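Scroll down for the structure; my scribbles are underneath it.
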Amino acid sequence: MAEILLPNKEQIDKIIKLKSGIEPIFGVIWDKSSNPTLTRINDAIGMVANAGIDGEIVRNDFDNVPLFGEIHEVVDTLGNVFVRIPKFYIKKVDTANFKSWQVSKKRYPGFYLPWCFWDFANNKELPYVDIGKYKASLGADNKLESKPDTYPLVDTNIVNMRTYAKNNNADGLAGYQQLDIHAVDIIRTLMIVEFATLNIQSVMMGFVNGRYGESDVATVSESNTNRIIVSNETASYYRVGQAISIGTTQGGNQVFYGRTITAIEVYDANNKAIYFDGEPVDISAGNILYNTGWKNGFSSQIMATSGCIVANDGYYPCHYRGIESPFGDIWQWVDGVNIDDHQAWVAKNAEDYTSNVFAHPYEKLGYVNSVSNGYIIKMGFDPKYPFAEFPVSVGGSDSTYYCDYYYQQTGQRAARFGGYCYNGSYAGLSYWTLHNSSSGSYADLGGRLLKKAL
């Protein structure tokens, strides 16, 4: 006889609240110990959240509740694909002994509205924000895009990325911008609450175990080919489906940028052939092979609302409720943040975003970021600007406290977030690199398109 599963008290209470029209609060709390596992509070008590692999069906109670269950995919008039997040409010409490995160669709006392849900021109709340489903690529007329079957735009500085995003604001369209601190805040908070951990890589590793080394070189020269011959050891680090690029220099992309591995086969006793799609190229012995950002669209192969393809081992990317590679894969520029000698300044309105500004309309946070690199122990918290949490203390590990790494440098700096495909355990929802200038451009660094409901 099949087992009959009866609802528990917490589930019954949620049903009663929903039928009564009372908006639930979903929350987690942390005792600030080295253990990154959080305790569920409020209406999240008793809930379970799992991520899946490929076609795996998993239990995730958040799929069937307000806010989380309402996140869905939309397509704009330009063909960009977004994940629409409905307006919600956040409350964070940060004391000497505990820290908590709470979310709700109702503005209860102490909750704040993330600025991506605010229309500054008309002084009103907005019903949703659209987050680029895919890593940003560059389309016609230098417009930043969010489209499948493309490789991410990289090697572009934050200033150009900002311009490319705003180029979409034409012909009556408005609200387009690049990823900013407010969008990072809502994505990060939702994931922390849903999975009840600061160690998000314990749930989904993301694409973080890729390769980027000068020793991964072609061992044989071939003309007009769709393969690169490498040593058996080098081949062992790559997987079918991964994106690769080949250069005459490391990260140079001189041979090509952005192809997908289609097969890995034995060439001889000491070497294997890594096959790739696209037009044939000439490969010279000594050309350097490396991973680059995964081709957009992989999440269509995943049944669960969050999860990864093939295996959760760091060799494959993940998605969160349709948002592909929220961390890992490639670094992402984050707008609305400028840092000067470890002091962060933040802006609220995307219309004001300008790099290297340390005066109005940017506002100085009430704490100074850590002056050392390392695994994060503590995040700064300014109750006037609760959306901006940057590392203030390091010395942890990949399995304690925030479980993610932090890089810094003196001088005027821009923000990048999440890590990339070579970062391993450094990557995650709390991984900030605040050591790059706004003019910097790198082969592992891209962005994401956003659209406010304007």
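The values are calculated or read from the model by the stated rules, or taken from the named source; none is laboratory data. Quantities reported herein were computed from a predicted structural model and do not represent experimental measurements. Cβ placement follows ideal geometry from the backbone for every residue including glycine, while neighbour counts extend to all protein chains displayed. When the accessible area is computed, the model is the full protein with side chains, heavy atoms only, and any ligands, DNA or RNA have been set aside. Shrake-Rupley method; radii C 1.70, N 1.55, O 1.52, S 1.80 Å.
Looking at this structure, is LYS91 modelled with pLDDT of 95 or more, touching a strand residue (DSSP E or B) at 6+ places or on another chain (Cβ under 9 Å), in a strand (DSSP E or B) and open to solvent by 20 Å² or more (accessible area, probe 1.4 Å)? Taking the combined requirement at face value, the residue satisfies it. Residues that are surrounded by fewer than 24 Cβ atoms within 10 Å (Cβ to Cβ), within 16 Å of LEU179 (Cα to Cα) and either in contact with a Ser or Thr (Cβ under 9 Å, 6 or more places away or on another chain) or at pLDDT 95 or above (or both) are absent from the stretch 362-383 altogether. When the residues of the stretch 188-228 are filtered to those that are buried (at least 23 other Cβ atoms within 10 Å of the Cβ) and β-branched (Val, Ile, Thr), the one that is nearest to ASN253 (Cα to Cα) is ILE228.
Which of the residues that make up the stretch 19-48 are free of Cβ contacts under 8 Å to residues at least 40 places away in the same chain and either surrounded by fewer than 17 Cβ atoms within 10 Å (Cβ to Cβ) or basic (Lys, Arg) (or both)? Across the stretch 19-48, the qualifying residues are LYS19, SER20, GLY21, ILE22, SER33, ILE45, GLY46, VAL48. Under the condition of being within 15 Å of ILE244 (Cβ to Cβ) and open to solvent by 60 Å² or more (accessible area, probe 1.4 Å), the residues counted in the stretch 254-271 number 3.
Does ASP282 meet the test of being buried (at least 19 other Cβ atoms within 10 Å of the Cβ) and either closer than 21 Å to TYR431 by Cβ or in contact (Cβ under 8 Å) with a residue 60 or more places away in the chain (or both)? In short, no.
Put simply, of ALA347, ALA304, ALA311 the only residue that is surrounded by fewer than 24 Cβ atoms within 10 Å (Cβ to Cβ), out of contact with any Lys or Arg (no Cβ under 6 Å at 6 or more places or on another chain) and under 17 Å from ASP185 (Cβ atoms) is ALA347. Tallying residues that are in a strand (DSSP E or B) and touching a Ser or Thr at 6+ places or on another chain (Cβ under 6 Å) within the stretch 325-361 yields 0.
So that you can scan it fast, the table gives a plain yes or no per residue for (1) under 30 Å from ILE57 (Cα atoms); (2) in a loop (DSSP other than H, G, I, E, B); (3) hydroxyl-bearing (Ser, Thr, Tyr); (4) in contact (Cβ under 8 Å) with a residue 12 or more places away in the chain:
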| residue | (1), (2), (3), (4) |
| --- | --- |
| TYR237 | yes, yes, yes, yes |
| THR249 | no, yes, yes, yes |
| TYR257 | no, no, yes, yes |
| TYR290 | no, no, yes, yes |
| ASN296 | yes, yes, no, yes |
| SER300 | yes, no, yes, yes |
| MET303 | yes, yes, no, yes |
| GLY307 | yes, no, no, yes |
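Applying a threshold of 7 Å to beta carbon distances and a minimum spacing of six or more residues, or different chains, the list of pairs starting in the stretch 139-154 at a residue that is of a type in the set (Phe, Trp, Tyr) and ending at one that is assigned to a loop (DSSP other than H, G, I, E, B) reads TYR151/GLY293; TYR151/LYS295. The single condition among (1) part of a strand (DSSP E or B); (2) closer than 30 Å to GLY297 by Cα that GLY55 does not satisfy is (1). If the condition is being within 21 Å of the chain's Cα centre (by Cα) and without any contact (Cβ under 8 Å) to a residue 60 or more places away in the chain, then the stretch 75-112 contributes VAL75, ARG84, PRO86, LYS87, TYR89. Those strands (runs of 3 or more DSSP E) of the stretch 114-223 in which at least 2 residues are over 30 Å from SER33 (Cα atoms) and touching a Lys or Arg at 6+ places or on another chain (Cβ under 6 Å), considering only elements entirely within it, cover 128-132, 176-178. Remark: pairs (first residue in the stretch 162-189, under 22 Å from ALA388 (Cα atoms); second residue open to solvent by 10 Å² or more (accessible area, probe 1.4 Å) and among the aliphatic types (A, V, I, L, M); Cβ separation under 6 Å; 6+ apart in sequence or on different chains) = GLY175/LEU454; GLN177/ALA350.
What is the residue count in the stretch 230-253 for residues that are more than 26 Å from ASP149 (Cα to Cα) and either surrounded by 17 or more Cβ atoms within 10 Å (Cβ to Cβ) or among the aromatic types (Phe, Trp, Tyr) (or both)? Total meeting the criteria: 2. Select from the stretch 94-111 the residues that are open to solvent by 30 Å² or more (accessible area, probe 1.4 Å) and either part of a strand (DSSP E or B) or of a type in the set (Gly, Ala, Ser) (or both) and list them in ascending order. ASP94, ALA96, GLY110 - these are the residues of the stretch 94-111 that are open to solvent by 30 Å² or more (accessible area, probe 1.4 Å) and either part of a strand (DSSP E or B) or of a type in the set (Gly, Ala, Ser) (or both). Just one of the listed residues (ASN168, ASN122) is over 15 Å from GLY446 (Cβ atoms) and either in contact with a strand residue (DSSP E or B) (Cβ under 9 Å, 6 or more places away or on another chain) or buried (at least 18 other Cβ atoms within 10 Å of the Cβ) (or both), and it is ASN168.
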